[in-house]
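Please treat every number below as a calculation from the coordinates, not as lab data. Note that the coordinates shown come from a computational prediction; the quantities given were computed from them, not determined experimentally. Reconstructed Cβ throughout: ideal geometry from the backbone, glycine too, with neighbour counts over all protein chains shown.
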Amino acid sequence: MSRYHLLLLISDLVANDGRQSSTRGFKGLKQAIKLEFTLRRYNQAIEHYQELLTYVKSAVTRNYSEKSINNMLDFIEKNADDDDANKCMEQFYSRTLESFQTTNNERLWLKTNTKLARLWLDQKDYRRLTEKVRELHKACQTEDGSDDPSKGTYLLEIYALEILMYAETRNNKRLKVSSREISSPPSVHVMASRGRADMHLPSSAGPLSTCPQGPICRSPSEDHGHHP
C-alpha cells in the first residue's frame, strides 16, 4: 500500500472513530481535516470541517473550540499553495463566519474576516476586498466613529491591507489618506501600545515605511495569549 493510500485510510478511520464521543469526535475530525487538506481531498476536508463546526456550539467549551478553529484556519492558510486550495480556504472562512454569526464571538469574527480579506488581496479581488475593509473598519470603531484603541492589532492589519490595495491599484490619492490616518492619533498610540509597528509597507505609504521589515498582515496570534 502506498503512503498516499495509507494516509487516506488513516483519515477515514480517524474521522469515523472520532464520532464515538464529543471530545474525541472533535479531535478526530481536526486530524482528519488536516490530513485531507494535505492530500488535496478538499471536498472531504470541507465536509468534515462543516461537521466540526457543529461541535463548537455545545459539545466542547467556547475557549477550546475558538482556539481549535483559529489553529485550523492558520494551518489551512499556511498550507494553501494552489488555486484549488485557495478556493477550499475561502469555503473554510465562509462557513466559519456563518457558523459563528449568532454566537457574538467578535474576536473570531474579526480574525476570520481579516484572513478572508488577505486572501482577496492575494487574488487581487479588489471589489470584495474594498467592501470587506470597509466592514472591518466599521467593526473597529467606537460609537463616535473613531478608531477603537482596544482593537489596535486588528486596526493595524486593516490599514495595512488597505494601503497595500491602494498601492497595487495605484490609487495614490486614497493611499495618502490611509497613510495619514494610520500615522495620526489615536492610531500611533494604538501602534505603540500594541507593539505592532513591524509592518513593511510600500515606500509611498509615508513614515511607516521606515519600520523594520517583516511579514505583512500576518495573524495577530500573539494578542490575548495566542488568541486574536
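Can you tell which of Leu108, Leu121, Leu161, Leu129 is under 30 Å from Lys27 (Cβ atoms), in a helix (DSSP H, G or I), touching a residue at least 24 places away in the same chain (Cβ under 8 Å) and under 15 Å from the mean Cα position of the chain (by Cα)? First the steps, then the outcome.
On the way: Leu121 fails: under 30 Å from Lys27 (Cβ atoms); Leu161 fails: under 30 Å from Lys27 (Cβ atoms); Leu129 fails: under 30 Å from Lys27 (Cβ atoms).
Answer to the check: Leu108.
Looking at segment 164-174, which of its residues are of a type outside the set (D, E, K, R), assigned to a helix (DSSP H, G or I) and surrounded by fewer than 21 Cβ atoms within 10 Å (Cβ to Cβ)?
Ala167, Asn172
Does at least one position in segment 66-74 carry a residue that is in contact with an Asp or Glu (Cβ under 9 Å, 6 or more places away or on another chain) and surrounded by 16 or more Cβ atoms within 10 Å (Cβ to Cβ)?
Taking segment 66-74 as the starting set, the residues that turn out to be in contact with an Asp or Glu (Cβ under 9 Å, 6 or more places away or on another chain) are none.
No.
Residue by residue through segment 61-100, note down the ones that are without any contact (Cβ under 8 Å) to a residue 12 or more places away in the chain, closer than 14 Å to Asp122 by Cα and assigned to a helix (DSSP H, G or I).
Lys78, Asp83
When you scan segment 90-110, how many residues do you find that are in contact with a Lys or Arg (Cβ under 8 Å, 6 or more places away or on another chain) and of a type in the set (A, V, I, L, M, F, W, C)?
Total satisfying the criteria: 1.
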